[in-house]
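What follows is a short report on a single structure.
The values are calculated or read from the model by the stated rules, or taken from the named source; none is laboratory data. Source: prediction; values computed, not measured. Methodologically, a virtual Cβ is constructed for each residue, glycine included, from the backbone with ideal geometry; neighbour enumeration extends over all protein chains shown. Note: areas computed on protein heavy atoms with side chains; ligands, DNA, RNA excluded. Shrake-Rupley method; radii C 1.70, N 1.55, O 1.52, S 1.80 Å.
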Amino acid sequence: MEKYFLHNGKDQDGPFNIEELKAKNISRETPIWYEGLEEWTTAGKIEELKSIFSSTPPIFKQTISEPPPIPKIEGIRSETELQPEKRKSKVWKYILILVILAVVVFFVTNQYSNIGSSYSGQSYEEKVMTVEETERSQPTAFLSAEGNYNENFWGTKLKVHGIIKNNATVAIYKDAVVKVTYYSKTKTELGNKEYTIYETFPPHSTKNFELKIENYKDVNSIGLEVVNATPN
């Protein structure tokens with residue numbers, strides 16, 4: 001039986017028999033020599049050693065075949081064929097919503113146009129007359145009075161410094177009647193008296209006035225109120 005020597009590129013090792021070589025886990029490229037060889041060779045070239053190398057099976061090549069196409073059955077549409085139909089249904093929904101909105105807008109616009117037409121037939125002068133007639137018929141709704149007062153030395157007379165405002169748009173008033181109300185410290189009404197202010201009150205105007213009036217006992221405050229006026 002041959003005795004084999006190994007070489008790892010630096011050192012020589014051996015001798016070994018075949019059984020000992022198996023334990024060394026040599027490869028086909030391992031440098032080896034035995035008596036009778038002229039020079040070093042590789043283990044894979046020695047016929048007696050081929051049996052110690054495990055044979056590696058060839059790589060298995062798996063062929064993956066594609067499944068056959070699904071036959072198209074009449075009456076059944078593919079997903080791609082259904083998509084355009086879905087889009088069509090969505091378009092019809094949008095169209096229906098737009099039609100409904102158009103009908104609602106038309107109805108509302110028509111209602112407002114009917115309301116506006118009742119006013120559009122009036123001229124500017126007629127509209128102004130309508131406002132003026134309303135204001136002339138309700139002078140106390142547009143005239144207001146306010147002010148302050150002081151007593152004389154003996155406390156028997158009051159001097160009122162007041163203003164009358166006309167908040168009307170077009171109406172003119174004259175001869176405003178101002179009611180003076182006397183109140184106690186507990187806001188109890190002690191009495192009242194009316195005075196006429198002989199002035200003309202144009203729209204959006206303010207007029208000053210003064211009154212010298214009788215004083216009441218226990219008067220703590222007074223109130224001013226326009227209770228009447230004459231449209232001019």
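General remarks:
- Protein heavy-atom surface of the stretch 9-52, 1.4 angstrom probe: 42% of the accessible area is carbon and sulfur, with nucleic acids and ligands not counted.
- Each residue of the stretch 19-35 is assigned a 3J(HN,Hα), and the resulting list reads 5, 5, 5, 4, 5, 7, 6, 6, 10, 5, 9, 5, x, 8, 8, 9, 4 Hz, derived from the Karplus form 6.51 cos²θ - 1.76 cosθ + 1.60 (θ = phi - 60°), x at Gly and Pro.
- Accessible carbon and sulfur surface of the stretch 160-211 relative to its total accessible area, %, 1.4 Å: 47
- For the stretch 215-232, putting each phi into the Karplus relation 6.51 cos²θ - 1.76 cosθ + 1.60 with θ = phi - 60° gives couplings of 9, 10, 5, 6, 6, 10, 7, 10, x, 10, 8, 7, 9, 6, 6, 9, x, 8 Hz, in residue order, rounded to whole numbers and with x for Gly and Pro.
- Accessible area in square angstrom per residue, the stretch 1-45, 1.4 angstrom probe: 76
- Rounded to 0.05, the FRET efficiency of the Asn167 and Asn220 pair, given R0 = 25 Å and the Cβ-Cβ distance, is 0.30.
- Förster radius 45 Å - calculated FRET efficiency between Val108 and Glu133 (Cβ-Cβ, nearest 0.05): 0.90
- As a calculated quantity, the FRET efficiency between Thr188 and Lys90 at R0 = 45 Å, using C-beta atoms, amounts to about 0.05.
- Pairs spanning more than 19 Å between alpha-carbon atoms, out of Lys22/Lys50; Lys3/Lys45; Lys165/Lys185: Lys165/Lys185.
- Inverse of mean 1/r across different Cα pairs in the stretch 176-230, Kirkwood, Å: 12.4
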